[in-house]
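Quick note: the coordinates plus some simple rules give every number you see, no bench work behind them. The shown structure was predicted, so the numbers you read here are calculated from the model rather than taken from an experiment. Every residue, glycine among them, receives a Cβ derived from its backbone with ideal geometry; neighbour counts consider all protein chains shown.
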């Protein structure tokens, strides 16, 4: 089958000829016709790609070699939430060029307190290995790709409220050591293959159509890849002056690689939740000005193991913290696998860790822990992540983007 970008270019050329360049290029113009044409094309192409991808997402047994690009990355992200108390762990390592690594580490242990890496809210640390993901005392390594992974840390963490702004003061540093063995209980959702075509058709139809627009879409699809699956982490944590604690947490593993230029993203909101009936869901609404100013993408894993890409959602960036003020509660509806879902989130405003985007010196991630309800009755656990591109100021003073000497 011909490549998708070539087919998109043909569709664009045909509609440009039919409508005229001025009408087709106007934002939102003729969106039903554009959405119908794209939907048919993407649906056919999606079915072909799923057949071509039969057998699963290939994943190497070590970090991927970074592409020769200043924005290349290979990122591994884990979440884990206890279902019996407020304990959670969030860990992320993303290898970047020039020997650097993006690192997130936040955790809360019931009855003891909140902890974060002393580097935060800065997230840049030296990359410490080419064989595994390693930086800042945090390591992520495969035991069996797509099945078993190990997440461990041995070092100092800062105890107390999560910092919302940069400070030279170290705070209360406490020796912490943990080791978690993560094992999947769902298959992989490949965003480039398994996403439902209607979400892209709807988003693309709202944009002004030009040949240059589809060239940008082509470039974006060819340079960044992501897949996720859900699993359970089991292990122990040792905190100074406390007894060893056993952990059993459920959450997502997200692997993102290729090229990611954070400066190209204006804003996004991401919901990650796992529910007591076994349902797991991801919903992202993102604004990438060059291609899609309001793209909704995500999936549902059903309790029986089936997966389905989100087909439709009422989520809109214009209605979710557009002014930068994050509220206590949010609700969204979406459709996946022919079923309607209504998800509500109550955010713990005392547990919203922040990291600054050190690669460009501007941009803020808010990792807000939340309690969820599915269809008004089924309890769930997870987070709502907010990203804002902030071009007004350098958030981390005197930030260095190379290894310390």
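Counting other Cβ atoms within 10 Å as a rough exposure proxy, the listed residues 120, 224, 181 run 181, 224, 120 from fewest neighbours to most. Please give the Cα centre distance for the stretch 78-94 versus the stretch 106-132, rounded to the nearest Å. Between the Cα centres of the stretch 78-94 and the stretch 106-132 lies a distance of 12 Å.
Each of 207, 170 has some number of other Cβ atoms within 10 Å of its Cβ, and from fewest to most they run 170, 207.
All Cα-Cα distances of the stretch 120-241, cut into 5 Å bins from zero to the largest, leave 2, 8, 12, 13, 14, 13, 12, 12, 9, 5, 2, 0, 0 percent in each bin in turn. Relative contact order of the stretch 140-292, taken over Cα pairs closer than 8 Å and 6 or more residues apart, is 20 percent. Binning all Cα-Cα separations of the stretch 232-365 at 10 Å, short to long from zero, yields these whole-percent fractions: 9, 32, 35, 19, 4, 0. Dividing the convex hull volume of the alpha-carbon atoms in the stretch 86-159 by its residue count gives 97 Å³ per residue.
Look at the alpha carbon pairs under 8 Å that are at least 6 residues apart: their mean separation over the length of the stretch 61-113 gives a relative contact order of 29 percent. Each peptide in 375-382, 183-190 receives the mean, over its residues, of other Cβ atoms within 10 Å, and ordering these scores from highest gives 183-190, 375-382. If the chain linking residue 64 and residue 339 were pulled fully straight, counting 0.36 nm for each residue of separation and taking away their Cα-Cα distance, it would gain 95.3 nm. Taking 25 °C and 0.890 mPa s as conditions, the stretch 314-373 diffuses translationally at an estimated 183 µm²/s according to Stokes-Einstein applied to its Kirkwood radius (Cα pairs). By the count of other C-beta atoms within 10 Å, a proxy for reagent exposure, 179, 134 are ordered fewest to most as 179, 134.
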